[in-house]
1. Efficiency by 1/(1 + (r/R0)^6): what FRET value for Gln79 and Asp152, r their Cβ-Cβ distance, R0 = 30 Å, to the nearest 0.05?
2. If the chain between Arg103 and Tyr121 were fully stretched, how many nm would it gain, using 0.36 nm times the residue separation less the Cα-Cα distance?
3. Note down the nm distance, to one decimal, between modelled labels 7 Å out along Cα→Cβ at Arg92 and at Arg61.
4. Need the full-extension length gain, Asp70 to Arg112, defined as separation in residues times 0.36 nm minus the C-alpha distance. One decimal, nm.
Amino acid sequence: MNKVMTRNRATTAGRRQPGGRPPVRHDTRRPGGGPRRTAPDRGTARVTAPGVPRRTAPVARPRPTDVFADRLLSVLSGQRPVHSMLGHTAGRAYDQLARLAERGPLRTRGARPVVRDIGYYVPRPGAVEAFARIGAGDQLRAMAFRLECGPDHRWRCTAVEMGGPRAPRTDDD
């Protein structure tokens, strides 16, 4: 079985906990925003020899399921227009997304909707069927989508569904 669950984003390390304080901002362009520096003669050890560049840790790339869940959420909550997904959809997925966005299933007046967690299933190489739990305050919704990797090695969304009744099928389906 290829079913995988990702961690809950609200409880992962380094993320903001509900009701907690926001993380400290370290912006080197602002006065006093850079990291504190101490002189080398005061007991700080050098990580590398002088003149040798430091190696940076490789940055983990987000999974396609995470990226598409955030993109779909921003469209279905009205934060981005539907046409922003034109290059990221294939087949009838754009039409499904446009129908869903008309209804505005994730538009809320209170808390902004967020992706709580994501699970996915790999039916074959190059295809992923995913679901996301979307939370907005006390309300919890479900969103399902399918991703397929094209010949150009780009992931595209090929189907989108929200919890609730499905749209009626037309004769050309």
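1. For R0 = 30 Å, the calculated efficiency reads 0.65.
2. Extending this stretch completely gives an extra 3.7 nm.
3. Placing both labels 7 Å along Cα→Cβ, they lie 3.1 nm apart.
4. 13.9 nm
Just so you know, all these numbers are worked out from the coordinates, no wet-lab data involved. All of these numbers come straight from a predicted model, not from anything done at the bench. Positions of Cβ are backbone-derived with ideal geometry, glycine not excepted, and every protein chain shown enters the neighbour counts.
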